[in-house]
Every structure is written in C-alpha cells, then in structure tokens.
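Please read the structure below before turning to the comments.
The values are calculated or read from the model by the stated rules, or taken from the named source; none is laboratory data. Fair warning: this is a prediction, and the values are worked out from it, not measured in the lab. Heads up, the Cβs are rebuilt from the backbone with ideal geometry, glycines too, and the neighbour counts pull from every protein chain shown.
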Amino acid sequence: LEGLTIKNLKKVFDGKAAIDDVSFEIQKGEFFTFLGPSGCGKTTLLRSIAGFNKPDEGAIYIGDKDITNISAEKREVGLVFQNYALFPHMNVFDNIAYGLKVKKLPKDEINKKVTDVLKLIRLDGYEKRKITELSGGEQQRVALARALVIEPEVLLLDEPLCNLDAKLRDEMRFEIKELQRKLKITTIFVTHDQSEALTMSQRIAVFRSGKCVQIGTPQEIYANPKNRFVADFIGVTNLFEIKNINSNSEYDEIEIEGNIKLNINKSDVAKYISIRPEHIVIYEENNGNENTIEGEIKEVHFNGNISDYVIDIGGCTIKASRINSFTGAIFEKGSKVFLEIPRNAIKILRE
Ligand code: ADP
Ligand code: MG
C-alpha cells in the first residue's frame, strides 16, 4: 500500500478549466479532505482519480504506478457517490457484492467479504433488506460498505454526509473517522462544509475555481490562512483592508476603515488583516491595554454555548464571540464595551 500523487492535473469543460493545474501528495493511510465551495471542481477531481473522467493534462500515481490511463475497474479505488448511487431494486447483500461479482470472485469468498464488511459498518443481519427500507444513515453505510468491500488502495468519499440530518451527520463524522483509523486506508473526503473538514481531517486542501489554494493541517489552515478567501471560507473572521501603514522599530501601526488604528507585528507584505472573533477580548471598562478600541454592541446572537456579538466600532462593525455564562449571553445589545485585539491575534495577509 502506498500514497497518492497528483501532478499538474488539468480538466477542461467547454473551454473552462474545472481542475486547473493541481498538484499534491497524499500519504499512505492519511485522511485528506478537499474543501471548497460548490462548483470549485472537487467532484471532477475525485472522478479523475477514480477513473470516471480523463484529465486533459497531468498524471495520477498510486505509489510509483502511473494510473492516469488505467480503466476505472483496475484502479483499486473505492468511490462513494454524493447521492450514494445504490441499486434500488437490489437488496443490501447484492448491492455490496456487486463489485466482487464483477471481479468474478468465488461465491464463498463473496459471502465472507460481504458478511465481514456488514459487521464492520454494524449492519449485520441486514443482508436481505431492500434499499428502500433503509434510513438515510443506513443507506450511507451500505454505500460505504460497497466501496470498502473491494479493499481499495484509496477510498474516495464525495460529500457523504450532506444528505443526512444534523444530528446524524455529527455521529457519522465520528463513525467514518473511526473506521478510517481502524482500516488505515488512504482516504479523500470531499466537503463544502468547513466544520466537517476541520473536525475530521489530518490535512485539508482548500479549492477555489479549480485551483488548490492552500494545503495544511486543520490547525495550520485556521491559524494561518494564506489569503482572504481561505480566512473567510474557514471559520468566521473579520477582514479589513489596510489603508495606511507607519513603521516603528518594534511594530507597524496601521489604519483601517473608520480611522481605526491598530498595532500589528512587523511585515513587508501587509495589505489586509484577519481577526478571529474568539480572539477579541470584550471588557466593560478600558484597562489601557494595547489595541483597545471602544464600541457598542449592535446585535447579540445567542448560540447555546457561545454568543456572537456584532459591535459598532465607529464607522465599521466587528464580530466578537464569547462563551456564555449559566444564564446566557454576558453582554446586552446597546452596551458600551471596550475591545482588546491582541497584536498576535492579527493575521497579516498579502492578498
Ligand atoms: P464541485 O464538486 O466542487 O461542486 P464540480 O467538480 O462538480 O464541482 O464542477 C466543477 C465545474 O465543472 C463546474 O463549473 C461544473 O459546471 C463543471 N462541470 C463538471 N462536470 C461537467 C461536465 N460533465 N460537463 C461540463 N461541465 C462540467
Ligand atoms: Mg461535487
């Protein structure tokens, strides 16, 4: 078993690149996620890896083996489609056994493999059930079993949780992650949901308009987004353009909209800044700390464990969040507050 390498891959539809010169390497056994908005090319890339479409340029390798021109059946890649694509007229057993029958495996071996994989996804005893008699979550697991039963080198999951309701989706995140860890199977998970990507992945590749914009661990991408698109797409953030900059020996003093002045760490490339809401400290009184600005709470969004505040800081607004007390939100709409924005919480972006 070896990892997957994508080299300068390109796929054009009607003169427009759906995958635009994409390269990366996935380690053997890694849980790797493609994250990006709808239409950015995630499914196209996954289908290229599975062999369902032919790239116009570039190459795909498993280990040292170039699989770019190998047919889909011979790639040893298991794909779970976004809509599951189960055969509705077949029962659970036949759906899962399908790929093994195509490969003409002996009947005993097929029975054993299907029984084993059903145990693995905790659906033993469901062999005879019709697909139409299964819940959404169960169908999802059957689709997963069908991909796993062929013991692929690489498992590809195209938005596998997007048809499930919120509670089940959270449970399945954990279940898929556990299963992947147990099997140590190289996995590509596709999602447009940043929270899914952050909680499940070892590494994430962020896509925009067919291009891979950043690759890193969830922590790296969240803490050090490469540009405004990544900062904004992953999590919630406050983005400001730098209007003016004055260098100082220790730090730079910048001015953003509303004539607000902030000190930032020294940088040669500062054009924009990004500040996460949870890094802004809200006080009732001005304690004179660096980067403290006055504001008024305009909106309070109670969100169970935390509240999100929209705060007017004179000419512009900023989002800050804070964990709630036993009784609810700490600050009320209309309150006058002081915001401290620690210098290290200000991420400097060049684009
Ligand atoms: P995602 O999965 O990220 O939502 P897709 O890979 O499905 O994005 O689509 C990427 C782009 O390629 C879109 O602009 C889409 O319209 C286009 N596209 C995908 N498949 C085809 C196809 N078979 N024919 C023409 N255009 C396609
Ligand atoms: Mg898609």
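Which members of region 183-227 meet the condition of being in contact with a helix residue (DSSP H, G or I) (Cβ under 8 Å, 6 or more places away or on another chain) and assigned to a helix (DSSP H, G or I)?
Answer for region 183-227, where residues must be in contact with a helix residue (DSSP H, G or I) (Cβ under 8 Å, 6 or more places away or on another chain) and assigned to a helix (DSSP H, G or I): Leu183, Gln194, Glu196, Ala197, Leu198, Thr199, Met200, Pro218, Ile221, Tyr222.
Could you please let me know if Ile67 is away from ligand 1 (no atom under 16 Å from the Cβ) and closer than 21 Å to Gln202 by Cβ?
On the way: away from ligand 1 (no atom under 16 Å from the Cβ): yes; closer than 21 Å to Gln202 by Cβ: no.
Judged against the criteria, Ile67 is not a match.
Taking the stated definitions as given, is Lys261 part of a strand (DSSP E or B), in contact with an Asp or Glu (Cβ under 9 Å, 6 or more places away or on another chain) and of a type in the set (D, E, K, R)? Explain how you work it out, then say what you get.
Working: part of a strand (DSSP E or B): yes; in contact with an Asp or Glu (Cβ under 9 Å, 6 or more places away or on another chain): yes; of a type in the set (D, E, K, R): yes.
Yes.
Residues Asp158, Asp165: which one is acidic (Asp, Glu) and modelled with pLDDT under 95? So that I can check it myself, show each step before the final result.
Working: Asp158 fails: modelled with pLDDT under 95.
Exactly one of Asp158, Asp165 is acidic (Asp, Glu) and modelled with pLDDT under 95, namely Asp165.
Which one of the conditions (1) part of a loop (DSSP other than H, G, I, E, B); (2) touching a residue at least 24 places away in the same chain (Cβ under 8 Å) does Gly78 fail to meet, given that it meets all the rest?
The failed condition is (1).
Return yes or no: is Asp308 surrounded by 13 or more Cβ atoms within 10 Å (Cβ to Cβ), of a type outside the set (A, V, I, L, M, F, W, C) and more than 24 Å from Ile242 (Cβ to Cβ)? Steps first, answer last, please.
Details: surrounded by 13 or more Cβ atoms within 10 Å (Cβ to Cβ): yes; of a type outside the set (A, V, I, L, M, F, W, C): yes; more than 24 Å from Ile242 (Cβ to Cβ): yes.
Taking the combined requirement at face value, the residue satisfies it.
Residues being crowded, with 16+ Cβ neighbours inside 10 Å and either part of a loop (DSSP other than H, G, I, E, B) or not acidic (Asp, Glu) (or both): count how many of those fall in region 273-291. Can you show your working first?
Of the residues in region 273-291, the ones crowded, with 16+ Cβ neighbours inside 10 Å are 273-282, 291.
Subset that is either part of a loop (DSSP other than H, G, I, E, B) or not acidic (Asp, Glu) (or both): 273-277, 279-282, 291.
Residues in region 273-291 being crowded, with 16+ Cβ neighbours inside 10 Å and either part of a loop (DSSP other than H, G, I, E, B) or not acidic (Asp, Glu) (or both): 10 in total.
For (1) within 16 Å of ligand 2 (Cβ to nearest atom); (2) modelled with pLDDT under 95; (3) under 26 Å from Ile62 (Cβ atoms), each residue gets a yes or a no:
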residue	(1), (2), (3)
Glu171	no, yes, no
Leu183	no, yes, yes
Thr191	yes, no, yes
Gln194	yes, no, no
Phe207	yes, no, yes
Gln214	no, no, yes
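Restrict the check to region 87-97 and report whether at least one residue is without any contact (Cβ under 8 Å) to a residue 24 or more places away in the chain and part of a strand (DSSP E or B).
No, the conditions are met nowhere in region 87-97.
Evaluate the following for Asn224: is it out of contact with any His (no Cβ under 7 Å at 6 or more places or on another chain) and farther than 24 Å from His192 by Cα?
no
Pick from region 228-258 the residues that are loosely packed, with under 12 Cβ neighbours inside 10 Å and assigned to a loop (DSSP other than H, G, I, E, B): which of them is modelled with the highest pLDDT?
Among those residues, the one meeting the criterion is Glu250.
Taking into account only those residues within region 25-77 that are among the polar types (S, T, N, Q) and more than 16 Å from ligand 2 (Cβ to nearest atom), which is surrounded by the fewest Cβ atoms within 10 Å (Cβ to Cβ)? Spell out the reasoning first.
Residues of region 25-77 among the polar types (S, T, N, Q): 27, 33, 38, 43-44, 48, 53, 68-69, 71.
Keeping just the survivors that are more than 16 Å from ligand 2 (Cβ to nearest atom) gives 27, 68-69, 71.
On the way: Gln27: 13, Thr68: 16, Asn69: 10, Ser71: 8.
My answer is Ser71.
Which members of region 332-349 meet the condition of being among the aliphatic types (A, V, I, L, M) and closer than 15 Å to Glu296 by Cα?
Val337, Leu339 - these are the residues of region 332-349 that are among the aliphatic types (A, V, I, L, M) and closer than 15 Å to Glu296 by Cα.
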